[in-house]
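Written out below as structure tokens is the structure these notes cover.
The values are calculated or read from the model by the stated rules, or taken from the named source; none is laboratory data. This structure is a prediction, so every number in the text was calculated from the model and none was measured. So basically every Cβ, Gly included, is an ideal-geometry build from the backbone, and we count neighbours across all protein chains shown.
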Amino acid sequence: MTLLTGRDEADLPGGRPRSSAAWGLNALGIAIVAFFFVRNGALLGLPVWVWVLGTVALAGWVLREFGRSPRLVTTAGVVMVAAGSVTVVPTDSLMVVPVIVGIVLIGANLRVPVWAASVTALAAIVVVAVTATVEHASLQFVLGTSGGMLLGVLIGFSRRQFRVAAERAREAEREQQRARLLADRSRAARDIHDVLAHSLGGLVLQLDAVEALLEAGRVEDATKRAGEARTLAADGLAEARRAVHALREDADSDTGPEPATSTTAADTTEPSRASRPTTDHEAGLTALVDAHRSFGGEVVTQGDETLADLDAAHRAAVVQVVREALSNARRHAPGRPVSLSVIRDGDAVDVVVANPLARGGHGLLGMRERFQELGSSATVEAERSDDEFVVAMHLPVDPVAAAGDRS
Amino acid sequence: MSVQLVANILIGIALVVFLGYRQATWQYLDPTRIWRTPLIMAIVGVVVLAQTKATVTTTDVVFLGIEALITVGVGLTMGSITRFRTVGTPDRKGRTIQSRTGWLGAVLWIVLIGVRIGLDVLGGHLGAHLLTSTGTILLVLALNRAARALVIDQRIPRGDRQARGMMVR
């Protein structure tokens, strides 16, 4: 069927190359129509104007074969419809083929309004009806060719929808890539904030203490503090290196499957959804509490500081959040007691850090994101409550640990 | 002039006066329902036309085609000259968008009627009798409304989707 020649992947806006199959089908269609046009024309003894217009319609089709720009393709479609519709009746409906192809071309073109193909088809029907009235052709003939043209409108419309959908899919993909990039960026920002705010904040406190001790003439204490500050700085540097390293590695490993959570998790087997800057999470909160005390902070703990009930990913998240909370407490409420409690509650663990009033910083946003990334029922809340700033975490118990409890 | 013809003309005029009045005043517009009127008109038109017993000729097709072209043209123009505004207080159906085409829209309706009557007379002389049936009038109006709906559908101001997501400190 020559009708099918109109259904190719051509004319995408931007002049994409057409597939060779589509090109071949169109060429075949042109050849067949041209052959019958000449043969029947010779038999019927067509008048000169029919020869001329028929040739123009076919020329439009050929033009469309070699045309690339959307404007040229539209022009070819209009020429095919205009010249073809006049010759439909004289050529015994042979020339309806270029008319239909032309209508499909116009209908599928995203550069012209959606109604253009319908209006073109309507005009072509009027032209065919006029020539049919003049030449006394039957009504059935007119209705039949009109039906063909309306079919062309439908084919053009469906091709148009297909192209619109393809365009939208491309757009959505671009959008998704952008969102992924932004998410990565904010994760990196959060990790850097966590590491730097913690170690630099601690460092400032230590150095303040050193200064105060030197002013008071307690050189020995000051030396001890300076040593601690040096250790802290070294730790912070190491941690920052690890964070940057993890971020770099992430670029390669993000495409792979998520590594399984393991209780013997080292840095490399840490689930990729969890946070990057990884200190010694195996020790749970003990190291953090010790560090806080060494900065001169006061902390009252209650419950299991090692977080043995949690799996590695959740433990890591808790460590990060508690570090942030302690860091905030030191910054905003120095010298005030902080309370840290870890309470096992059935299948869940509640971790609460409370300290006298503090203001929230970027870290609070990071806390929430960190818990969202875990993708479990774990939640974190950070808010003012009765003159205290409370960070409360609620986490599911590691199934492995829970099984160990029951046995 | 037969009673049938007078009735047809009266029906047509009443509808056009109603629609013309609507063009000139601000009307609430429901974007999801702009296709309803043309659809109902087209269905009624087809039903009425199916009951009309008239011999159809190629001349009928010519005149119907020309009339369809004109009515679509007028409909597309109406769609493109339509102005929109949003009002603060939604009506009881919750619509906030209003539209009007102004006096130009009303004039276009009168042009459409003029063309319609002219083609009726001319077609009647040339033996195209299908034109004067009520079904055809309704179909022509349905086409006009559909063409307008098509353009409005693309132009209608749709509020940008609200940014989703909680605000976090």
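The residues listed here are B:TYR21, B:TYR28; of these, the one that is on the phi < 0 side of the Ramachandran plot, in contact with a Ser or Thr (Cβ under 9 Å, 6 or more places away or on another chain) and aromatic (Phe, Trp, Tyr) is B:TYR28. Quickly run through the range A:324-338 and pick out the residues that are basic (Lys, Arg) and within 16 Å of A:VAL204 (Cα to Cα). A:ARG330, A:ARG331 - these are the residues of the range A:324-338 that are basic (Lys, Arg) and within 16 Å of A:VAL204 (Cα to Cα).
When the range B:1-49 is filtered for residues that are β-branched (Val, Ile, Thr) and in contact with a Leu (Cβ under 8 Å, 6 or more places away or on another chain), the ones remaining, listed by number, are B:VAL16, B:VAL44, B:VAL46, B:VAL48. Selection over the range B:63-79 of residues that are more than 10 Å from every other protein chain (Cβ to nearest Cβ) and farther than 22 Å from B:LEU131 by Cα gives a count of 2.
Filtered by the rule that a residue be modelled with pLDDT of 80 or more and surrounded by 21 or more Cβ atoms within 10 Å (Cβ to Cβ), the range A:379-397 gives A:VAL380, A:VAL391, A:MET393, A:LEU395. Applying the condition of being at pLDDT 80 or above and among the hydrophobic types (A, V, I, L, M, F, W, C) to the range A:292-306 and asking which residue is surrounded by the fewest Cβ atoms within 10 Å (Cβ to Cβ) yields A:VAL300.
The residue of the range A:337-367 that is modelled with the lowest pLDDT, among those that are within 14 Å of chain B (Cβ to nearest Cβ) and more than 11 Å from A:VAL391 (Cβ to Cβ), is A:ARG359.
Scanning the range A:100-133 for residues that are in contact (Cβ under 8 Å) with a residue 40 or more places away in the chain and over 24 Å from B:LEU76 (Cα atoms) yields A:VAL101, A:THR131, A:ALA132.
For every residue, the table says whether it meets (1) without any contact (Cβ under 8 Å) to a residue 12 or more places away in the chain; (2) of a type in the set (A, V, I, L, M).
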site	(1), (2)
B:GLY75	no, no
B:MET78	no, yes
B:VAL111	no, yes
B:GLY118	yes, no
B:HIS125	yes, no
B:VAL140	no, yes
B:ARG148	no, no
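Scan the range B:40-79 residue by residue and report those that are at pLDDT 85 or above and loosely packed, with under 15 Cβ neighbours inside 10 Å. Of everything in the range B:40-79, those that are at pLDDT 85 or above and loosely packed, with under 15 Cβ neighbours inside 10 Å turn out to be B:ILE40, B:ILE43, B:VAL46, B:VAL47.
Take the range B:19-34 and flag every residue that is closer than 15 Å to B:MET78 by Cβ and of a type in the set (Phe, Trp, Tyr). B:TYR21, the sole residue that qualifies.
Taken over the range A:67-98, the residue count meeting the criterion of being within 25 Å of B:ASN144 (Cα to Cα) and within 14 Å of chain B (Cβ to nearest Cβ) is 2.
From the set of residues in the range A:128-149 that are assigned to a helix (DSSP H, G or I) and facing chain B (nearest Cβ under 8 Å), which is nearest to B:VAL61 (Cα to Cα)? It would help to see each step written out before you state the result.
First, pick out the residues of the range A:128-149 that are assigned to a helix (DSSP H, G or I): A:128-135, A:139-149.
When the remaining residues are screened for being facing chain B (nearest Cβ under 8 Å), the result is A:129-130, A:132-133, A:139, A:142-143, A:146.
Working: A:ALA129: 6, A:VAL130: 8, A:ALA132: 10, A:THR133: 9, A:LEU139: 8, A:VAL142: 8, A:LEU143: 9, A:SER146: 10 Å.
The residue in question is A:ALA129.
Applying the criterion of being modelled with pLDDT under 70 and assigned to a loop (DSSP other than H, G, I, E, B) to the residues of the range A:274-291, the residue that is surrounded by the fewest Cβ atoms within 10 Å (Cβ to Cβ) is A:ASP280.
Quick check on the range B:80-95: of everything there that is in contact (Cβ under 8 Å) with a residue 40 or more places away in the chain and not basic (Lys, Arg), which residue is nearest to the other protein chains (Cβ to nearest Cβ)?
Residues of the range B:80-95 in contact (Cβ under 8 Å) with a residue 40 or more places away in the chain: B:80, B:82, B:84-86, B:91, B:93, B:95.
Filter once more, so that each one left must be not basic (Lys, Arg): B:80, B:82, B:84, B:86, B:91.
Values: B:SER80: 10, B:THR82: 15, B:PHE84: 19, B:THR86: 25, B:ASP91: 30 Å.
Per the criteria, the residue is B:SER80.
Of everything in the range B:133-158, what is surrounded by fewer than 22 Cβ atoms within 10 Å (Cβ to Cβ) and hydroxyl-bearing (Ser, Thr, Tyr)? Give them in sequence order. Matches in the range B:133-158: B:SER133, B:THR134. Residues of the range A:99-117 that are crowded, with 24+ Cβ neighbours inside 10 Å and within 13 Å of chain B (Cβ to nearest Cβ): A:ALA117 alone.
Give me the pairs: first residue in the range A:188-210 and over 14 Å from A:ALA291 (Cβ atoms), second residue of a type in the set (Lys, Arg) and outside any helix (DSSP H, G or I), beta-carbon distance under 8 Å, and six or more apart or on different chains, which are they? From residues that are over 14 Å from A:ALA291 (Cβ atoms), the pairs are A:ASP191/A:ARG276.
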